[in-house]
Amino acid sequence: MKTQENFVLLADAYKYSHHKLYYPGTTKIYSYLESRGGQFNETIFFGLQYFLKYYLEGKVITKEKIDAAEEFLKQVFGRTDVFDRSKFDYILEKYNGRLPVRIKAVPEGTVVPVNNVLMTIENTDPECFWLSNFLETLLMQVWYPCTVATVSREVRKIVEEYFEETASEASKAAIDFVLNDFGFRGASSVESAGLGGAAHLINFMGSDTLMGSVVAQRYYDAQKVYGLSVPATEHSVCTLLGEEGEREIFKHILKTFPTGIVACVSDSFDIFRACSDYWGTELKDIVLSRDGVLVIRPDSGDPVFTLLRVFDILLNKFGYTINEKGYKVLPPQVRVLQGDGVNVQAIRSIYGALKVNGISAENLLLGMGGALLQKVDRDTQKFAFKCSYAEVNGKPVDVQKHPVEVDSHGKLVQSFKTSKAGQLKLIRTDAGYQTVRKETSPGYEDQMITVFENGAIINTISFEEIRERAVVAPYNIDEKWACTENGGMKL
């Protein structure tokens, strides 16, 4: 599916003046993308192939688009000497509207420490030196899927950690479904939900954001649907008969899905009464006789204290076993899902509280909405796109900024925004990834590969390859949950 947007207008307005503002004699602009730091010390690179396929591949400049942009930009600037249509006409005439640039990038799914180059771009025609950074506006948006994938993977690390410490070995097969994407409705657009949803599916397989799987299949040739879900209620279901009818609604839900997983939001009126009197007493026998799992979902209150009280009630009502790590595990027919107030910090606090109270991590599932797909920005991982090399009047030029700033003590210090200089490559040594100048370290291969050149996408990657590259810890998993005889759950 090709975008209907006018490529000629897909840049910040001020960039249309740059073809005049670059110093006379400029013939090459070479720029790079990096994560300069941020909340996490490493970043997954993901999403570039989507932007290449959707926005940049093939003939993206036409006479009609140039005509429309010319009229539009006259109004934007209120003058006719800023936008120069001849620059785009040149690409249309010489390259049939295909972009004369070369983009190199690390293979998607690669996990790279911050402060390293992730992508570079350079013009392949000296007449189009202005084009490299014209594309910054669009290419910079890769920060979003990279950041969502990184947040999701950081949660995976926490889950792995606490499962290793408190959960049975058999239960580790369920890790792929611990964090569920609930973010579609809170995303800023369908496009961001698709990109962010696909980014999450690199690390987990639980998702209600269908567009994530659509993006993975459409732009990354995913061989199957990775975002899987289960029947689940919302408050409109559970409040339909009022407070006095809540128990009857719960009973109806169990009868409607007598097997498999079914999730039920249970805080419509009193989550603790629901757990104690309804699920744990009146409906207990039905729950325990099911060939499947009831997932009880609190959806309000402080996540830590609410969960601790919910687990105290459920463990008392349904009983529990002690796994080989010494932690309490509910019967396999009962689990809890926390989907409110969930973020990376809250997840670590929740698991820490469960561990202190002797409760295994395998009892808990998580849902993450806004904090996964929406409560991130370009500064979460401090993404930057900077020029580092140019050619002016036939001479190579290192391009770099190294600003000073005043720290909290009033001292002048060098800013973290200092950029890199020269043409770059990313090498991998025994010490890990390292960014060096292109002409140095001849014994090390550049980890970045060409992915786009002169309008064509090169070296496409599949979603399966991305997931394999980004894995935290390998587990052999199937696609569906089932109760096991030993009391664990497996996918």
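Under 5 Å between amide hydrogens, which residues at least 5 positions from Leu365 or on another chain qualify, with H placed 1.01 Å from N in the peptide plane?
Val336, Leu337, Gln338
Can you list the HN-Hα couplings for segment 154-160, worked out from phi with the Karplus curve (6.51, -1.76, 1.60; θ = phi - 60°), rounded to whole Hz and with x for Gly and Pro?
5, 5, 4, 4, 5, 4, 4
Relative to the longest principal Cα axis of the chain, at what angle does helix 246-256 sit, 0 to 90 degrees, rounded to 10?
Orientation of helix 246-256: about 80 degrees from the principal axis.
Suppose every K and R has +1 on its Cβ and every D and E has -1 on its Cβ; what is the size of the dipole of segment 83-239 about the Cα centre, in Debye to the nearest 20?
The calculated dipole for segment 83-239 is roughly 320 debye.
Note the angle between two axes, namely the Cα long axis of helix 63-77 and the longest principal axis of the Cα atoms of the chain, as a number of degrees from 0 to 90, rounded to the nearest 10.
90 degrees
Using only the heavy atoms of the protein chains and a 1.4 Å probe, how would Asp181, Asp312 rank by accessible area, largest first?
Of Asp181, Asp312, the descending order of accessible area is Asp312, Asp181.
Cα gyration tensor of segment 395-441, axes a ≥ b ≥ c as square roots of the eigenvalues: rounded (a/c below 1.5), prolate (a/b > b/c) or oblate?
Verdict is oblate for segment 395-441.
Distance cut-off 19 Å, Cα to Cα: go down the list Lys20/Lys65; Lys284/Lys317; Lys20/Lys87; Lys386/Lys438; Lys59/Lys386; Lys395/Lys417 and report the pairs above it.
Distance filter (> 19 Å) returns Lys20/Lys65; Lys59/Lys386; Lys395/Lys417.
Would you grab the residues whose amide H sits under 5 Å from the one on Ala232? Only those 5+ places off in sequence or on another chain, please, with H modelled 1.01 Å from N.
Placed amide hydrogens put Ala263 under 5 Å from Ala232.
Taking only protein heavy atoms and a 1.4 Å probe, what accessible area per residue, in Å², does the chain have with all protein chains in place?
44 Å²
Roughly how tilted is helix 190-200, in degrees to the nearest 10 and between 0 and 90, from the longest Cα axis of the chain?
70 degrees
Order of 231-239, 17-25 by packing, highest average Cβ count within 10 Å first?
231-239, 17-25
Of all accessible surface on the chain at a 1.4 Å probe, what whole percent is carbon and sulfur?
After summing per-atom areas, the C and S share lands at 49 percent.
Add +1 for every Lys or Arg and -1 for every Asp or Glu among the other residues with Cβ under 15 Å from the Cβ of Tyr23, and state the total.
Local net charge: +1.
Tell me, what ³J(HN,Hα) does each residue in segment 459-470 have, in order and in whole Hz, if you take phi through Karplus 6.51 cos²θ - 1.76 cosθ + 1.60 with θ = phi - 60° and put x for Gly and Pro?
For segment 459-470, the Karplus-derived couplings read 6, 5, 10, 8, 5, 4, 5, 4, 4, 5, 6, 8 Hz, x marking Gly and Pro.
Is the shape of segment 261-331 rounded, prolate or oblate, going by the alpha carbon gyration tensor and its root eigenvalues a ≥ b ≥ c, with a/c under 1.5 for rounded and a/b larger than b/c for prolate?
Note, shape of segment 261-331 comes out oblate.
Work from the charge dipole of the chain (Cβ charges, +1 for Lys and Arg, -1 for Asp and Glu, about the Cα centre) and give the residue of Asn96, Gly227, Gln381 farthest towards its positive end.
Among Asn96, Gly227, Gln381, the one farthest towards the positive end of the dipole of the chain is Asn96.
List the trypsin sites (Lys or Arg not before Pro) within segment 158-253 that DSSP assigns to loop and that have no more than 16 neighbouring Cβ atoms inside 10 Å.
Taking segment 158-253 and a limit of 16 other Cβ atoms within 10 Å, the loop trypsin sites (Lys or Arg not before Pro) found are Lys224.
Treating only the Cβ atoms of Lys and Arg (+1) and Asp and Glu (-1) as charged, compute the dipole magnitude of the chain about its Cα centre; round to the nearest 20 debye.
Approximately 980 debye in magnitude.
Does the chain come out rounded, prolate or oblate, given a ≥ b ≥ c as the square roots of the eigenvalues of its C-alpha gyration tensor, rounded meaning a/c under 1.5 and, failing that, prolate meaning a/b above b/c?
The shape class here is prolate.
Loop-only trypsin sites (Lys or Arg not before Pro) in segment 58-98, please: DSSP not H, G, I, E or B, and at most 16 other Cβ atoms within 10 Å.
Lys59, Arg79
The values are calculated or read from the model by the stated rules, or taken from the named source; none is laboratory data. As the structure is a computational prediction, the values presented were derived from the model and not from experiment. Positions of Cβ are backbone-derived with ideal geometry, glycine not excepted, and every protein chain shown enters the neighbour counts. With ligands, DNA and RNA removed, areas are computed over all heavy atoms of the protein, side chains included. Shrake-Rupley method; radii C 1.70, N 1.55, O 1.52, S 1.80 Å.
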